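The values are calculated or read from the model by the stated rules, or taken from the named source; none is laboratory data. Remember, it's a predicted structure, so these values are computed and weren't measured experimentally. Cβ sites come from the backbone with ideal geometry, for glycine too, and all protein chains shown count toward neighbours.
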């Protein structure tokens with residue numbers, strides 16, 4: 001199974017619960033022992049801070065013939081912020097895998113997972129049941145939702161009554177470290193459950209887009225699908241935002257995202273298609289990070305094209321799905337993200353170099369919009 005996905009791990013207050021009825025209690029396992037961390041980290045001081053606009057080329061999925069990589073061994077922490085011991089922060093991980101988990105499972109004591117598949121189908125086994133998650137769908141284990149509740153799908157109960165002679169490995173992420181314990185039975189032995197604290201999936205095509213119908217460019221918060229609240233009212237640890245297909249009808253307006261600085265950190269990715277504000281270089285499977293108060297916006301080609309376009313109603317982003325993790329925290333980039341992955345686009349800044357000056361101070365002619 002070839003899968004490229006990004007996960008946002010963030011802790012939110014637990015206001016829900018569920019009761020699970022097992023064949024054998026989950027406490028029946030050997031003690032946890034520390035295991036190889038791989039590229040999972042919550043050390044935000046590995047390398048010095050970098051305020052520049054950052055963009056990554058598509059991350060390469062290892063070939064099964066070279067090395068088999070499953071969910072845990074395929075996790076690579078790209079950036080993050082916050083204190084993991086106080087459950088106040090977030091981390092963005094790139095997941096690159098080519099094989100299924102075999103007699104191994106994973107649970108996260110440090111927060112909730114938001115999984116955004118980009119390539120390949122992902123069959124997720126949970127204690128509540130199984131979920132098949134495809135590109136253009138997301139899976140959450142688990143957070144707040146702003147989209148219509150009826151569109152969030154939960155697993156159908158399923159169980160596995162199986163003993164494993166060699167031992168079943170249960171991997172736990174705790175305070176940023178990985179630990180493993182052995183047990184004789186499959187952890188997916190829940191024969192029934194009831195409650196409302198469950199994993200779920202959501203089809204991004206079901207999101208009802210809100211947009212400007214007069215003029216000006218609305219803040220991207222109108223595209224928020226999910227939010228993880230912080231301790232400060234009105235400020236999010238993370239918003240999950242998408243830019244789906246829609247109509248552009250605003251008049252007397254530069255329709256792509258305007259050039260701006262933001263008090264929030266913005267990590268963007270592309271699931272499929274071609275993002276309207278970037279003509280080249282921003283590809284499915286890659287990503288970009290624009291840190292707090294670092295200026296960014298459409299590249300030069302996009303600016304020239306849309307500045308001359310006739311402002312008639314037009315379809316935007318057909319066949320495209322871009323997303324963004326927007327956070328009030330300053331995200332530190334890991335050593336893997338800046339150096340080890342070899343996917344950092346060193347020429348990203350050049351996409352703005354062709355921008356021209358159009359300021360004419362001696363002209364009394366007002367600006368015209370086609």
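So the values come out like this:
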{"quantity": "Test: residue in the stretch 169-183 that is within 30 Å of residue 43 (Cβ to Cβ), surrounded by 15 or more Cβ atoms within 10 Å (Cβ to Cβ), modelled with pLDDT under 95 and within 18 Å of the chain's Cα centre (by Cα)", "calculated": "no"}
{"quantity": "Hits in the stretch 296-321 - residues which are farther than 20 Å from residue 55 by Cα and assigned to a loop (DSSP other than H, G, I, E, B)", "calculated": "308, 309, 310, 311, 312, 313, 317, 318, 319"}
{"quantity": "Failed item, numbered, when residue 289 is tested on (1) part of a strand (DSSP E or B); (2) at pLDDT below 95", "calculated": "(2)"}
{"quantity": "Single unsatisfied condition, residue 184 versus (1) in contact (Cβ under 8 Å) with a residue 60 or more places away in the chain; (2) outside any strand (DSSP E or B)", "calculated": "(2)"}
{"quantity": "Selection status of residue 197, touching a residue at least 24 places away in the same chain (Cβ under 8 Å), surrounded by fewer than 17 Cβ atoms within 10 Å (Cβ to Cβ) and either in the same structural domain as residue 131 (by TED's automatic domain parsing) or within 19 Å of the chain's Cα centre (by Cα) (or both)", "calculated": "yes"}
{"quantity": "One residue from 278, 252 being at pLDDT below 95 and within 20 Å of the chain's Cα centre (by Cα)", "calculated": "278"}
{"quantity": "Some residue of the stretch 66-87 being surrounded by fewer than 18 Cβ atoms within 10 Å (Cβ to Cβ) and in a strand (DSSP E or B)", "calculated": "yes"}
{"quantity": "Test: residue in the stretch 79-86 that is touching a helix residue (DSSP H, G or I) at 6+ places or on another chain (Cβ under 7 Å) and at pLDDT 90 or above", "calculated": "yes"}
{"quantity": "Leading residue by the ranking (surrounded by the fewest Cβ atoms within 10 Å (Cβ to Cβ)) among those in the stretch 273-296 that are under 18 Å from residue 222 (Cα atoms) and touching a strand residue (DSSP E or B) at 6+ places or on another chain (Cβ under 8 Å)", "calculated": "276"}
{"quantity": "Verdict on residue 103 being on the phi > 0 side of the Ramachandran plot and over 18 Å from the mean Cα position of the chain (by Cα)", "calculated": "yes"}
{"quantity": "For residue 135: the one exception among (1) free of Cβ contacts under 8 Å to residues at least 60 places away in the same chain; (2) touching a strand residue (DSSP E or B) at 6+ places or on another chain (Cβ under 7 Å); (3) assigned to a loop (DSSP other than H, G, I, E, B)", "calculated": "(1)"}
{"quantity": "Neighbours by Cβ (under 6 Å, 6+ apart or cross-chain): first from the stretch 300-322, assigned by TED's automatic domain parsing to the domain that holds residue 225 and at positive phi; second surrounded by 15 or more Cβ atoms within 10 Å (Cβ to Cβ) and part of a loop (DSSP other than H, G, I, E, B)", "calculated": "317/276; 319/273"}
{"quantity": "Boolean, residue 216 is part of a loop (DSSP other than H, G, I, E, B) and outside the structural domain of residue 141 (by TED's automatic domain parsing)", "calculated": "yes"}
{"quantity": "Filtered residue count, the stretch 247-272, keeping only those that are over 16 Å from residue 219 (Cβ atoms) and surrounded by fewer than 16 Cβ atoms within 10 Å (Cβ to Cβ)", "calculated": "4"}
{"quantity": "Single residue of 230, 221 found to be outside the structural domain of residue 85 (by TED's automatic domain parsing), buried (at least 16 other Cβ atoms within 10 Å of the Cβ) and either modelled with pLDDT under 90 or touching a helix residue (DSSP H, G or I) at 6+ places or on another chain (Cβ under 7 Å) (or both)", "calculated": "230"}
{"quantity": "Search result, residues across the stretch 43-71 that are under 17 Å from the mean Cα position of the chain (by Cα) and over 16 Å from residue 341 (Cα atoms)", "calculated": "71"}
